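The values are calculated or read from the model by the stated rules, or taken from the named source; none is laboratory data. On a predicted model such as this, the values are computed, not experimentally measured, just so you know. Every residue, glycine among them, receives a Cβ derived from its backbone with ideal geometry; neighbour counts consider all protein chains shown.
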Amino acid sequence: MKYFVCVTLVFFSLPLFALDGAETIAPKTRIIKSLSWYSDQADRWEEKVRQEPANADAWLNFYAASRYSQKSLASLSSIASQAQKVISGTFEAKLIQALNEGYSENSMKLLMEAYAMKPQQSATYGPLMLANEIRMNTADRKEFGSKLLSSGQVSQALLSYSYNVLMSIESSAVLFIDGDNTTLPLFILQDVMNVRKDVTVLSLDLLTSEAYRTQKLKNSSLEFSLGSGDEDIKKMICSGLPEQNPSKKFYYALTIGGNNISSINNELYVVGLASQHSKARLDNISVIKENLEKRFMLDYLRVDFNGENEFSAGKVMSSNYLISMLLLNDHYVKTGELGKAEELKKLVAKIAAETGKQALVENFLHREEEVPLAPPVIISLDLKKMEVSLRQVKDNLYAYNTEVTNAQYNLFLNYLKTNHLTDTYEKAKIDLSQYDKTSQAFFNGYHTYLDPAIKTRGSVTQRTNFRNYPAVNISYEGAIAYCEWLTEQYNGNADRKYKKVKFRLPTVKEWQIAALGYVDFASWNLDENTVKVTIPPPGNEDEIVKGKETVIPVDNTVLYPWFKAYNYRNKAQNRRNCFLGNFKAPEDCKPCASPSVGMDGYSMMGPVASYFPNGMGLFDVVGNVAEMTEEKGRAAGGSWNHSPDESTIRSINEYKGPDATIGFRIFMDIIEK
């Protein structure tokens, strides 16, 4: 079977030199440069082979640069074919042909012939390690791993990085990796240095070979049945193995392509240099803390012991530390461990500078927030009302039954002003700058807090007291700050029900499942679920009439949370033409049989909980205001100014900043009961 390695391969190692701008292409276990650099080098080496067609070294560099610049398999095959015509029988020709054929029997033969011709040339060591892994020849895999290590073609920093990858993994767990420059150092650590041999390392590249996959998984005592469909095989492996082996722990290296894990991304938790798979909520911060404080080797990040340059594979890969380090830094700040936070902050800044990631971490490291030099002021909250208003989505994940109201958000803003938290207040305050004077006057009244204990006269009625209306015209950063503040307040309150929680914005998948409101859902992917619906007898479309209960798939016809009435699963109005949510009514809409304003009772925002809740007890998941998700700029569910078609449980509504159509609903993770 022909098998192509599609990410990186160890090609060869010759002294770096410049020749008409063409540089020797070092293996990615030692040096990693940009895609554009490899593309430029491929062009330069192509010109070189035109000038000197018998130059075998030029052909090998041309092939290597083309491979690293991700040229098509057809282009690579063309290069290999041309090389065979002019340098046939050479070490370079055999190596190029072997790499181009993948790990077929002929490829193995060619690799061994090339090795026999130049046994001291390290270019064959990496491919022979992988070829012997394909054939389950552990002794020869170890032999060539030892040769590759001794050759100096593996960055010492990459070995340290790979050590920390293995130390991110629980005992006897399974680790998925993707790419030979990450696979080879792990094999070297396990085979040659006897490091973490208990970890089962699975290369997604190699697992695409059916014969290898069958034998490897059998040897690893793992069950796997390949499903049907057009889904990418790597993606099926990443999601299928944990599903079919629930007693095993699975981890995914941070270098794995996002497409391969997109279907399980909601079940992955960063714990260091890998993400742990868990269907239940995982306190990954404590795991990150244990790994970075006690298990990882980090001195090589602080001091360059080996004099490696900025393109060293280990230094380039070190940017993957930033995710877990930023999470831990945030934890240190929140728990008052400011000394640790400052030390970690310095290391994060160093890594960011060396890897060109300064812009990505600058806001985090230099955000102008108040550092909690003293414990935060804890105010009295109606915790019982809050806890009663939370609805379980699944396991330790809960959602508030309504969108955050003006009253709730004004309490937060008042806290910030009272405690002189000016920077956070400026970030979180109501923003009306996008409106004209007339609109600003309206929204000033909408957002103004009116004490219900104060009796009002004339036109100031309960309807114009907007305390129970959704908070809008706030920034994404303001919503995040509110969640952080509420987390701090709840966890610091002695009367709380749960020991430790975290309030946050939901992921898109979490929001969609909560909006669906089906308590017995099986998957976080909306379309992978089935629901029970009531189908009324033929000729009777009344949604409240009892009918036959049937299980249907959640396909693209299931649009609204009242799907249980089957005939109304994709309809926004009831049989009296009244809208079932606060939407923007189409101009040709027939009048509702009930008195209304704006066809649904409200011309703009309406009070929260004005319509029936869904099956989980959540109000207004569609319409009223679109609800922010954790992805900045993406809200869900539509609003009073979106049409019914734009206000479904599947609707994603883009936004650029504070807006009258955008609010948010808080979700809560129970960290400790």
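Key figures
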quantity	calculated
Residues within region 78-136 that are touching an Asp or Glu at 6+ places or on another chain (Cβ under 7 Å) and either at positive phi or surrounded by fewer than 20 Cβ atoms within 10 Å (Cβ to Cβ) (or both), tallied	0
Candidates Ala74, Ala54, filtered to the one that is surrounded by fewer than 20 Cβ atoms within 10 Å (Cβ to Cβ), more than 18 Å from Ile32 (Cα to Cα) and within 39 Å of the chain's Cα centre (by Cα)	Ala74
Any pair with Cβ under 9 angstrom, 6 or more apart, that starts in region 112-135 at a residue that is in contact (Cβ under 8 Å) with a residue 40 or more places away in the chain and acidic (Asp, Glu) and ends at one that is crowded, with 16+ Cβ neighbours inside 10 Å and not in a loop (DSSP other than H, G, I, E, B)	Glu133/Arg141; Glu133/Thr183; Glu133/Phe187; Glu133/Ser203; Glu133/Leu206; Glu133/Tyr212; Glu133/Lys216
Members of region 499-535 that are within 26 Å of Asn284 (Cα to Cα) and among the small types (Gly, Ala, Ser)	Ala514, Ala522, Ser523
Breaking point among (1) touching a strand residue (DSSP E or B) at 6+ places or on another chain (Cβ under 6 Å); (2) closer than 22 Å to Pro185 by Cα, for Met297	(1)
Unique residue being of a type in the set (Asp, Glu) and assigned to a strand (DSSP E or B) when the list is Glu631, Glu627	Glu627
Qualifying residue in region 308-322 (condition: surrounded by fewer than 15 Cβ atoms within 10 Å (Cβ to Cβ), out of contact with any Leu (no Cβ under 9 Å at 6 or more places or on another chain) and either farther than 30 Å from Thr208 by Cα or modelled with pLDDT of 90 or more (or both))	yes
Helices (runs of 4 or more DSSP H) within region 122-172 that include 2 or more residues farther than 30 Å from Val287 by Cβ	125-134, 138-150
Residues that are in a loop (DSSP other than H, G, I, E, B), β-branched (Val, Ile, Thr) and under 21 Å from Ser523 (Cα atoms), drawn from region 378-412	none
Residue match in region 59-66 (condition: in a loop (DSSP other than H, G, I, E, B) and touching a residue at least 24 places away in the same chain (Cβ under 8 Å))	no
Of all residues in region 531-562 being among the hydroxyl-bearing types (Ser, Thr, Tyr) and crowded, with 16+ Cβ neighbours inside 10 Å, the one that is modelled with the lowest pLDDT	Thr534
All positions within region 95-143 that are among the acidic types (Asp, Glu) and farther than 14 Å from Ser209 by Cα	Glu113, Asp140, Glu143
Number of the exception - Gly339 against (1) surrounded by 14 or more Cβ atoms within 10 Å (Cβ to Cβ); (2) over 30 Å from Asn396 (Cβ atoms); (3) not β-branched (Val, Ile, Thr)	(1)
Selected residue [in contact with a helix residue (DSSP H, G or I) (Cβ under 9 Å, 6 or more places away or on another chain), under 30 Å from Thr355 (Cβ atoms), of a type outside the set (Gly, Ala, Ser) and not in a helix (DSSP H, G or I)] from Gln41, Gln70	Gln70
Region 486-521, residues that are without any contact (Cβ under 8 Å) to a residue 24 or more places away in the chain and of a type in the set (A, V, I, L, M, F, W, C)	Ala494
Flag if Leu580 is modelled with pLDDT under 85 and either assigned by TED's automatic domain parsing to the domain that holds Lys279 or buried (at least 18 other Cβ atoms within 10 Å of the Cβ) (or both)	yes
The one condition in (1) among the hydrophobic types (A, V, I, L, M, F, W, C); (2) modelled with pLDDT under 85; (3) assigned to a helix (DSSP H, G or I) that Val460 fails to fulfil	(3)
Failed criterion for Lys33 (all others in (1) within 24 Å of Gly314 (Cα to Cα); (2) buried (at least 21 other Cβ atoms within 10 Å of the Cβ); (3) at pLDDT 90 or above hold)	(2)
